[in-house]
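Below is one structure, written out as structure tokens, with a few remarks after it.
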Amino acid sequence: MRQRRLGLALLAVYLSFIGGAYYNTIFPVRFFHHFIITVLLAVWLGRRLRRGQGLPHTSINRPLYALVGFWIISAALSIDPRIAFENLWFPIVHILMFFVIADWMQHGRQRLVMEIQFLLAALAVILGGLQLASWFLGLGIVPGTQVGWIDVIGDGLLFPPKIPGIWLPLGVTTWMAGYTAPLVIIAGVWGGTVKQHDYRIVLRGLAVALFIIMIFTFSRGGLISLGAGFAVLIWFRVLRIDVVRRFNLSRVLLVGGTVAGMVIVVAFVVVSMSQSNAKVVGDARRIDMWVSAAEMARDNPVSGIGPGLFGRAYRDYRNPSIVDDRMATAHNVYLNTVAETGFIGAVLGLWLLLALVRAWWGQWSRAEDAMYKFRLEATFAALVGFGAQSLVDVFVATPLVLLAIILIAYSIIDQSAPDDDTNSRRVNRLETGIALGIVLIYGLGFIQADRAQLSHQRSIRGGDTALQDAQRAAELDPDLRLYQLNVFYLSAQQALAQSPQDIDAAIQYYEQALELEPTWDTGWINYAALLQWDGNISGALNALETAHRINHQNTARLHWARLAEEMDAASRDDIVDAYVEALVDSGHIPFADFWSQTELRREALFRAIEEYNVEVRYRVMTIHDPESRMMLLAESPHTAAEWWVDGEYALRVEHDLQRAINSFTQAIEQQPGNGDYYASRARAELTIDADAARRDLLRAELLGTRWEYPNAIRIALATTSEEIRDLQVHALPPRVADLNFSGVLFAGRVAQFELFPEMRWPGPGSAALQPWYDLADNYLDDGRVQNAVQVYQAILDYAPFEDAARVRLDELGLAA
């Protein structure tokens, strides 16, 4: 018995924190998950089939069967059946998990199930606590915590100005909030109803710990869930539903006032948390997703766009000016359901919901034990909270779905049912046979799919066999568009490498790729570059316009303006407007010399920076118009940005280090969570107080910077040539490839689709790149020419319009 309990606990840990959380990001986990889930479900279903048993009988079997049947129809009629059917695997597996847990509860194992769930909750608390401890103490458990807050306490700073949201246990902060909020209610109520005194202490402590972890996710959705759940629980506990039979005005007013007060408090907190620019932009995107989901349902009212395909269809509906390619769901489960499965799917979902409520009501009405009744109220309240948060999120990951499954099963399974298979035998064993057939079909299909993905993984690592590996993946799984898209991409790369002057083949490959995936904006931008090199300027401009219609935040508008200016293909006003739009829509800051190289770019530059705050304007003007930056000085600084400008002017122009330190300190006092201000103060402290500079650089690194580069500043504090070289190498953050297009469209699979260097953003500017130039000079002084060449090539990869690096390569007799 102990071995079984241990095995079930380990399986639950795997499902919640490994397979269910990192399925899409780690291929070996994906492969193992397919194997272990297929084997376990096949064994369970096979045993039931041999015994002549159907699936466990519950009050929601019929709506579940109807949903699965319709999902299959919706997938077959979807906009991408291959991915839709793969997306269905998880919902089907989750439904079978429900039947497994229902079977356990029908055989009297409710306590075992809940104990395992509380164990998982405790592990979530421990992992979340480890993340917080790593950030505070510098334990290095999670990335970016090699330095802890304890290392930088001082100068009046005791409490950190900002703390990263907890994500470690499940990988996403909103998932953590969605997981912990219902468990706060469940652990709290179980702690008040369990008989053993020790258990009460442990469960109540767990409820408090879960609440703390939920707060530190900084998720508004978690507060909505918890507020809604507590409101329902209070309603139950005070009214006990018998108000219908014995009306009591004072109790109604008491409950109404309490619930209203909770709603007001939660609403106030949520609104307060929504004031930051990031939250405002995020809310605009969320509204756009809701509108887009409604439009999808309007255009596909019967069967929807297909299960799990919101992210693909969204590219055709979204507002291109507020794009976030990570969005795979509508962030509203109800609109997401209508969009993906149509109104028929929504009606079937409503049937399931009504069946759940009816079954819960039956359990609650029949319950005689007051403590059991209270627990049923808690599960209902927690599920209501889960549903409330689902107004702004969609939870499809196994850890959250498994929690909901356990709460549902506890709510509707009759704990007084006999410990036999009577309920199961009421259902025809054909159900079990069909379920086993579906599991085995998926299992066999994943053998081929995983073989194909393994070849695809090899192809994106590069090497001489990359194209052959991509072709092998496409042969093994020909209906998965990503693999064929990767073949076209790599074929074009190979054609250009073999004959840079003959680009016709590359153009043909991109045309086939874009016919396959018309919303691939990276492909359209690269295609435009090929057309430009082939002399087809009008075609290149049209391709860039297409890419811009897909996403206003990419580089299409920038290079449309650049190409139109170089070829005199548009009016002056249109070109300047395009440059301005490129800067404003993308949020890119024009630090590179590229922006001062022509009159039109300079005009666009100075128009665009009018949208920036005074700090960013000062940073830009320091590079492009240093004589005019004094105009940005405030006579009496008030805001943090004004104090920063005052300090930067004192440091760079007047060389008044003490005034600079004082001004930067004023900026920090107003915005203590801004890492750039600590790095700026460190630059002023370098020659006055090296220890203070080091401490401020650690703070900047811990809080994160946007415009400053702590390692570049540390070079002045280095004492050995090895330390200097290491800091120069790591002076700038690495260039990150965007994998969201492929990850969202192809069920978590990614590909290295990169823009040609000539079609990227110009870069962070020569000042930011100076440590790399210095590194190359050091290599040249040591006679290590090849190392210097590699540095210059890295500069051009990072900042393709950095002419100084190209000139250096020319001087060394190498073409850039």
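The values are calculated or read from the model by the stated rules, or taken from the named source; none is laboratory data. Owing to the predicted nature of the structure, the values given are computational and were not obtained by experimental measurement. Every residue, glycine among them, receives a Cβ derived from its backbone with ideal geometry; neighbour counts consider all protein chains shown. The protein model used for the area step is the full one, side chains on, heavy atoms only, and it has no ligands, DNA or RNA in it. Shrake-Rupley method; radii C 1.70, N 1.55, O 1.52, S 1.80 Å.
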So the check is Cβ under 7 Å with 6+ separation or different chains; which pairs have a first residue in the range 512-536 that's in contact (Cβ under 8 Å) with a residue 12 or more places away in the chain and a second one that's open to solvent by 60 Å² or more (accessible area, probe 1.4 Å)? Leu516/Arg481; Leu516/Gln484; Glu517/Arg481; Thr519/Asp316; Ala529/Glu758
Asn711 vs (1) open to solvent by 20 Å² or more (accessible area, probe 1.4 Å); (2) out of contact with any His (no Cβ under 9 Å at 6 or more places or on another chain): all pass except (2)
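So if I check each of Gln786, Gln793, which one is open to solvent by 20 Å² or more (accessible area, probe 1.4 Å), under 26 Å from Leu496 (Cβ atoms), modelled with pLDDT under 95 and out of contact with any Phe, Trp or Tyr (no Cβ under 9 Å at 6 or more places or on another chain)? Give the steps one after another, and end with the answer.
Values: Gln786 fails: out of contact with any Phe, Trp or Tyr (no Cβ under 9 Å at 6 or more places or on another chain).
Going through Gln786, Gln793 in turn, the sole match is Gln793.
In this structure, does Glu654 turn out to be open to solvent by 30 Å² or more (accessible area, probe 1.4 Å) and outside any helix (DSSP H, G or I)?
On the way: open to solvent by 30 Å² or more (accessible area, probe 1.4 Å): yes; outside any helix (DSSP H, G or I): yes.
Answer is yes for this residue.
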Pick out, from the range 421-500, the helices (runs of 4 or more DSSP H) lying fully within it that include 1 or more residues that are of a type outside the set (S, T, N, Q) and without any contact (Cβ under 8 Å) to a residue 60 or more places away in the chain. 430-460, 466-476, 481-498
Do the conditions hold for Ala21, that is, is it surrounded by 17 or more Cβ atoms within 10 Å (Cβ to Cβ), at pLDDT below 95, among the small types (Gly, Ala, Ser) and in a loop (DSSP other than H, G, I, E, B)? yes
Note down all Cβ pairs under 9 Å where the first residue falls in the range 1-19 and is of a type in the set (S, T, N, Q), the second is open to solvent by 40 Å² or more (accessible area, probe 1.4 Å), and they're at least six residues apart or on different chains. Ser16/Leu123
Residue by residue through the range 308-332, note down the ones that are open to solvent by 10 Å² or more (accessible area, probe 1.4 Å), assigned to a loop (DSSP other than H, G, I, E, B) and under 12 Å from Ile83 (Cα atoms). Gly308
Ile153 - would you say it is touching a residue at least 12 places away in the same chain (Cβ under 8 Å), surrounded by fewer than 17 Cβ atoms within 10 Å (Cβ to Cβ) and among the hydrophobic types (A, V, I, L, M, F, W, C)? no
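When you go through Trp772, Trp761 one by one, which is the residue that is touching a Pro at 6+ places or on another chain (Cβ under 9 Å), buried (at least 17 other Cβ atoms within 10 Å of the Cβ) and among the hydrophobic types (A, V, I, L, M, F, W, C)? Lay out the reasoning, then the answer.
Values: Trp772 fails: touching a Pro at 6+ places or on another chain (Cβ under 9 Å).
Answer to the selection: Trp761.
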Would you be able to say whether some residue in the range 99-114 is of a type in the set (Val, Ile, Thr) and farther than 18 Å from Leu183 by Cβ? yes
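Each row is one residue, and each column tells you yes or no for (1) over 23 Å from Ala381 (Cα atoms); (2) aliphatic (A, V, I, L, M); (3) more than 26 Å from the chain's Cα centre (by Cα).
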{"site": "Leu309", "(1), (2), (3)": "yes, yes, no"}
{"site": "Val323", "(1), (2), (3)": "yes, yes, no"}
{"site": "Thr337", "(1), (2), (3)": "no, no, no"}
{"site": "Thr341", "(1), (2), (3)": "yes, no, no"}
{"site": "Ile344", "(1), (2), (3)": "yes, yes, yes"}
{"site": "Trp351", "(1), (2), (3)": "no, no, yes"}
{"site": "Leu356", "(1), (2), (3)": "no, yes, yes"}
{"site": "Gln363", "(1), (2), (3)": "no, no, yes"}
{"site": "Glu368", "(1), (2), (3)": "no, no, yes"}
Within the range 499-545, work out how many residues are within 33 Å of the chain's Cα centre (by Cα) and either surrounded by fewer than 22 Cβ atoms within 10 Å (Cβ to Cβ) or not small (Gly, Ala, Ser) (or both). 22
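Tell me the residue from Gln457, Gln484 that is within 30 Å of the chain's Cα centre (by Cα), modelled with pLDDT under 95 and among the polar types (S, T, N, Q), please.
On the way: Gln484 fails: modelled with pLDDT under 95.
One residue alone meets the criteria, Gln457.
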All but one of (1) farther than 24 Å from Ala404 by Cβ; (2) over 30 Å from the mean Cα position of the chain (by Cα) hold for Pro28, so report the exception by its number. (2)
Which of (1) hydrophobic (A, V, I, L, M, F, W, C); (2) open to solvent by 10 Å² or more (accessible area, probe 1.4 Å); (3) over 22 Å from Phe159 (Cα atoms) is the odd one out, the single condition Ala660 does not satisfy? (2)
Scan the range 620-649 and report the pairs whose first residue is touching a residue at least 60 places away in the same chain (Cβ under 8 Å) and whose second residue is surrounded by 13 or more Cβ atoms within 10 Å (Cβ to Cβ) and part of a loop (DSSP other than H, G, I, E, B), with Cβ atoms within less than 9 Å and a gap of 6+ or a chain change. Ile623/Pro590; Ile623/Phe591; Ile623/Ala592; Ile623/Gly765
Expected output for the range 43-68 (first residue open to solvent by less than 40 Å² (accessible area, probe 1.4 Å), partner among the polar types (S, T, N, Q) and outside any helix (DSSP H, G or I), Cβ below 9 Å, 6+ apart or cross-chain) is Gly54/Asn428; Leu64/Thr58
